[in-house]
Amino acid sequence: MENLSQLISKKVFSLASGNEVGYVLNVVLDDHLACIQALIIVDEESELEAEVMACDVVVKGEHLFLTAENKITYGQEKVRTNPIGKHVFTQKGEDCGKIKDVRLEKFKVKLLLTDKMAFLPKHIGVWGKDALILGKRKKKPQFSQPVFEAEKQQLVSINATQAVRDVASAPFRITTDAKNLIGKMATRDIFGLNNELIIKKFEIITQKKLNDAKKHNKLNILFYNCK
């Protein structure tokens, strides 16, 4: 089992050609946040984004393998459904924190983790662009009987499990202006094209560091690993 934050930035290799086809930039989940449907990957040299279906990707240890390069789709509008960074509330408006990570078994969602608690996909009644609402799921989004209190004892406290304490914080950000990164702090080491360290973990991002990231085509990685 691994975390969604660990999946981001992993390299993807082709089993057909032996070539590295890119790295994982983001994911697309199904309508119930139960599994990953597709991976959004980026070519490291051109930074061209593409999409591959999860069923065409093989997970082996620390590596991801694409069955064939003709499975890559370019030019489609990609709906990013990564839940990291979204607020979580109950139907009564109780604040359950923000999602910090998602525990996965291959590409199936096993647990969603906030900075206050953990819960299963089946506990989600509604999930929108900015927030998830815990409650009973119906065909139509009409929720009159919140089930949070009834199921509260089933939710895993973040203080009761080492797995939750060990989750790395990797808030999800969407931005198109690289200058917005200046002044933020890197949450992981960023390595350049020659495997040289260009930005250290916990280092404050300056214009010079931003230029280095651009030079080494690492802006996408930096966007998802700073706060």
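The values are calculated or read from the model by the stated rules, or taken from the named source; none is laboratory data. All values derive from a computational prediction rather than experimental measurement. Note: areas computed on protein heavy atoms with side chains; ligands, DNA, RNA excluded. Shrake-Rupley method; radii C 1.70, N 1.55, O 1.52, S 1.80 Å.
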#### Entry: Reachable aspartates and glutamates from Lys208, criterion Cα separation under 17 angstrom, eight or more residues apart if same chain
Asp177, Asp189, Glu196
## Note on the structure
Any lysines whose Cα falls less than 18 Å from that of Lys98, other than same-chain ones fewer than 8 residues away, would be Lys86, Lys110, Lys116, Lys122, Lys129, Lys152, Lys227
### Task
Give, in nm to one decimal, the length gained when the segment between Arg137 and Lys184 is fully stretched (0.36 nm per residue of separation minus the Cα-Cα distance).
13.2 nm
### Task
For the range 1-120, report the accessible area per residue in Å² (1.4 Å probe, heavy atoms, rounded to an integer).
47 Å²
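Rounded, prolate or oblate for the range 1-107? Axes are the square roots of the Cα gyration tensor eigenvalues, ordered a ≥ b ≥ c, and the cut-off for rounded is a/c under 1.5. Write down the numbers at each step before the final one.
Details: a/c = 2.38, a/b = 1.96, b/c = 1.21.
Since a/c reaches 1.5 and a/b is larger than b/c, the shape of the range 1-107 is classed as prolate.
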### Summary
Residues meeting the amide H criterion for Leu132 (H placed from the backbone, H to H distance under 5 Å, 5 or more places apart or on another chain) are His87, Val88, Phe89
### Query
Counting only residues 5 or more places away or on other chains, whose amide H sits under 5 Å from the amide H of Val27 once H atoms are built in the peptide plane?
Ile40, Thr81, Asn82
